[in-house]
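The next block holds one structure in the form of structure tokens; read it before the comments.
The values are calculated or read from the model by the stated rules, or taken from the named source; none is laboratory data. The model shown is predicted, which means the values in this text are computed figures rather than measured ones. Cβ: placed from backbone, ideal geometry, glycine included. Neighbour counts: every protein chain shown.
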Amino acid sequence: MLYSLDARFCRHFELSSQREWLLTNGIGGFAMGTVSGANMRRYHAHLVAAVHPPADRVNLLANVEVTVQGDGNPIGLSCNQYAGAVHPEGYHFLESFEATEQAVTWRYRAGGMALEKLLAMRPGQNAVTMRYRNIGERPIGLVLRPLVLHRGYHENFRSDEGYPAAITFPKHLTVIEHADVPLILHHEGAQRFPAAGWYYRFEYTREVERGLDGREDLYCPCELRYELMPGEQAVLDASVERKLVPLEIVPGARATSLGGMLSEAASVFFVATKQRTTIIAGYPWFTDWGRDTMIALPGLCLHTGRVADARKIILDFAGQMKQGLIPNRFVESGEEPEYNTVDATLWFANAIYKTLEAEWHEAFARKALTALRDTVDWHLRGTLYGIGVDPADGLLRQGEPGVQLTWMDAKVGDWVVTPRHGKPVEINGLWINALRVAEWLAKKLGEDASVFAVAAEKAESNFDAAFWRELVGHYLDTADPDDASLRPNQLIAMALPFGPAKGPNAVAALQKITRELLTPHGLRTLSPSEPAYRGRYRGPLPDLDAAYHQGTVWPWLLGPYVTALVKLTGDRAEAKRILKPARDWLIEDGIGGIAEVYDGDEPRKPGGCPWQAWSVAEVLRAWVEDVGGK
């Protein structure tokens, strides 16, 4: 998909410094920045390498200072935010900005000169290419100053006499090495001058807004000079290895359908490495999470022609099961994944069903049934974190002090904001769904399904008694202990293929959810009528976490909402009306992505990750499966 912004937008710094772009390399590395060219987050950089794919990301090339000279004085085309100042103010010279899946392109016009900068990532490599082309009619003197660093992408960088550990200048190359990670600049055709030095006190205002350290220093290892006649170009590559794969940039096309736009938006989340095939939960700061992966898998894989990838992802997670649970997330370093989740494995069961429904594959089905038998067995007798079936009613309980196990998992210090201990409504919808999936699969394979059928019937027969409350007109959010807060989690129990929330009670609850939780961008996580409601997702991290599931809007919840709406009312026209605005969401925060969250109250600004996998996935899934979109 080709996204274009004109000079009026680009030259408005308050707008162009907030609108972000993203390129990914398919192994966990990425490049990310703003339309203005100014880095506003610690995660913004021309090259963030996944040195042990798909994790251990290291920020290596923050930016490249660009100066052009014709007949007059040098003109800076770069843009940097310092404390209280922007310098240079290259955004004033921007004519246009374009973004595709493969590359981002800026076009500048200054002092009678015209320059195009294209930045592209090389698939499967921690490498980025920058191409500077003279698109005007006058010669250009071009000066490039790479700004480099070596740090974990969640950290900050400061000037250090010991940095870099080594710097060498082979022909056409500049090699900066530190902490056993090389950054290799390939610059054939440049006049290189060893103008090493520090640039101090860059300010990343998006980090300051989150209450984090927003200051950084960057190192310039050399100055690269070129003389470009009209039509000529200078190419600068940055990588962690000397040998680069060929780069072919295909011109971006304009997708016309919402389904096509969402399908293209899905591509940035896929990662394939020697270790595993997986889905990145969100950019820039998430890696691969079990829950996010399994929720996102049907939309991202099954409606984009990646059914084989879906099977591979499921089996890779199955290979990491422990006591009937798939990992909550693969950690950035170390060998032991984390398993503190009650719902990831239940969504895993749903992903198995959806994948086999899309394309039957017997060998995969038999492996999946083995994993499901293990899961059900452990849940029936009890597994980690207090997760286990209550023998009295067959429903699933969970909870351990100080641990958050459902998707509403925000924690501030020792405070678990929404612990939801007991029997959460969506967890039991997922549990019953998982049992029915296992029963369906066992029967398809000609195997004994009785243990699954008996457990499912017991849980189903007690579901409404445990969760429905006529007095409030909706399902409890958790039972035993009871919590009648109006939240959207009950939608999941309505929307699942074998969801137990159905009939008049589900219709009544859906009507109340529509009145109090539905917004144009998704579902509020708590009704405004509740005392704990927070309508703004703003401020430092503790405030963000406190508001995360207390009224903040999540676009991914439109997936279960639309599925429940169509399932219970058959109103496809209304479902289509609700999803159509997603075309605009793809450009209003991260270009080509859908944000993680929005404010619960107007004007509902986007927040969290600008590119969130399940936001794209669930809108795409519902658009295809429930609305009938292509």
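Condition first: among the hydrophobic types (A, V, I, L, M, F, W, C) and within 13 Å of Gly473 (Cα to Cα). Now tell me which residues in segment 502-533 satisfy that.
The answer is Ala506, Val507, Ala508, Ala509, Leu510, Ile513.
Is it the case that Thr525 is modelled with pLDDT of 95 or more and within 10 Å of Pro488 (Cα to Cα)?
Against the criterion (modelled with pLDDT of 95 or more and within 10 Å of Pro488 (Cα to Cα)), Thr525 qualifies.
Please work out if Ala509 is in contact with a strand residue (DSSP E or B) (Cβ under 7 Å, 6 or more places away or on another chain), surrounded by 22 or more Cβ atoms within 10 Å (Cβ to Cβ) and part of a helix (DSSP H, G or I).
Against the criterion (in contact with a strand residue (DSSP E or B) (Cβ under 7 Å, 6 or more places away or on another chain), surrounded by 22 or more Cβ atoms within 10 Å (Cβ to Cβ) and part of a helix (DSSP H, G or I)), Ala509 qualifies.
If I go through segment 469-482 residue by residue, how many of them are touching a residue at least 12 places away in the same chain (Cβ under 8 Å), surrounded by fewer than 23 Cβ atoms within 10 Å (Cβ to Cβ) and under 17 Å from Gln511 (Cβ atoms)?
Going through segment 469-482 one residue at a time, the tally reaches 3.
List, please: which pairs have Cβ atoms under 6 Å, are six or more places apart or on different chains, and start with a residue in segment 287-308 that is in contact (Cβ under 8 Å) with a residue 40 or more places away in the chain and closer than 15 Å to Val619 by Cβ and end with one that is part of a strand (DSSP E or B) and of a type outside the set (Phe, Trp, Tyr)?
Partner pairs satisfying both residue conditions: Ala296/Ile279.
Would you point out which residue out of Glu457, Glu530, Glu447, Glu439 is within 27 Å of Ile352 (Cβ to Cβ), assigned to a loop (DSSP other than H, G, I, E, B) and assigned by TED's automatic domain parsing to the domain that holds Lys367?
Going through Glu457, Glu530, Glu447, Glu439 in turn, the sole match is Glu447.
What number of residues within segment 512-531 satisfy the criterion of being of a type in the set (Lys, Arg) and surrounded by fewer than 19 Cβ atoms within 10 Å (Cβ to Cβ)?
Here is the first cut: in segment 512-531, the ones of a type in the set (Lys, Arg) are 512, 515, 524.
If we keep only those that are surrounded by fewer than 19 Cβ atoms within 10 Å (Cβ to Cβ) as well, we get 512, 515.
The number of residues fulfilling the criteria is 2.
Looking only at segment 108-157, how many residues end up being more than 22 Å from Phe30 (Cα to Cα) and assigned to a loop (DSSP other than H, G, I, E, B)?
Qualifying residue count, segment 108-157: 7.
Could you please let me know if Leu526 is out of contact with any Asp or Glu (no Cβ under 6 Å at 6 or more places or on another chain), more than 26 Å from Glu207 (Cα to Cα) and of a type outside the set (S, T, N, Q)?
Working: out of contact with any Asp or Glu (no Cβ under 6 Å at 6 or more places or on another chain): yes; more than 26 Å from Glu207 (Cα to Cα): yes; of a type outside the set (S, T, N, Q): yes.
Judged against the criteria, Leu526 is a match.
Of all residues in segment 89-107, which are free of Cβ contacts under 8 Å to residues at least 60 places away in the same chain and in contact with a Gly (Cβ under 7 Å, 6 or more places away or on another chain)?
Matches in segment 89-107: Gly90 only.
When the residues of segment 358-397 are narrowed to those that are surrounded by 17 or more Cβ atoms within 10 Å (Cβ to Cβ) and polar (S, T, N, Q), which ends up farthest from Cys301 (Cα to Cα)?
It comes out as Thr383.
Look at segment 73-88 and say how many of its residues are surrounded by fewer than 19 Cβ atoms within 10 Å (Cβ to Cβ), touching a residue at least 40 places away in the same chain (Cβ under 8 Å) and within 14 Å of Asn39 (Cα to Cα).
Matching residues across segment 73-88 total 3.
Which is modelled with pLDDT of 95 or more and either of a type in the set (Asp, Glu) or over 22 Å from the mean Cα position of the chain (by Cα) (or both), of Tyr43, Tyr91? Before you say what the answer is, go through the steps one by one.
Working: Tyr43 fails: either of a type in the set (Asp, Glu) or over 22 Å from the mean Cα position of the chain (by Cα) (or both).
After ruling out the rest, the residue left standing is Tyr91.
What is the one condition in (1) assigned to a loop (DSSP other than H, G, I, E, B); (2) among the hydroxyl-bearing types (Ser, Thr, Tyr); (3) over 18 Å from Glu618 (Cβ atoms) that Thr345 does not satisfy?
Result: Thr345 fails condition (1) only.
Return the residues of segment 33-76 that are part of a loop (DSSP other than H, G, I, E, B) and charged (D, E, K, R); say none if nothing qualifies.
Arg41, Arg42, Asp71
If I go through segment 615-630 residue by residue, how many of them are among the basic types (Lys, Arg) and surrounded by 24 or more Cβ atoms within 10 Å (Cβ to Cβ)?
So the count comes out to 1.
Any idea which residue in segment 398-410 is surrounded by the fewest Cβ atoms within 10 Å (Cβ to Cβ), counting only those that are within 22 Å of Leu523 (Cβ to Cβ) and in contact with a helix residue (DSSP H, G or I) (Cβ under 9 Å, 6 or more places away or on another chain)?
So, considering only residues that are within 22 Å of Leu523 (Cβ to Cβ) and in contact with a helix residue (DSSP H, G or I) (Cβ under 9 Å, 6 or more places away or on another chain), the one surrounded by the fewest Cβ atoms within 10 Å (Cβ to Cβ) is Ala410.
Only one of (1) touching a residue at least 60 places away in the same chain (Cβ under 8 Å); (2) under 19 Å from Gly600 (Cβ atoms); (3) not aromatic (Phe, Trp, Tyr) fails for Thr569. Which number is that?
Unmet for Thr569, out of (1) touching a residue at least 60 places away in the same chain (Cβ under 8 Å); (2) under 19 Å from Gly600 (Cβ atoms); (3) not aromatic (Phe, Trp, Tyr): (2).
For the subset of segment 90-114 comprising residues that are in contact with a strand residue (DSSP E or B) (Cβ under 6 Å, 6 or more places away or on another chain) and among the hydroxyl-bearing types (Ser, Thr, Tyr), which member is surrounded by the fewest Cβ atoms within 10 Å (Cβ to Cβ)?
Filtering first and then ranking leaves Ser96.
Residues in segment 251-276 that are over 16 Å from Leu586 (Cα atoms), at pLDDT 90 or above and of a type outside the set (A, V, I, L, M): how many?
Going through segment 251-276 one residue at a time, the tally reaches 1.
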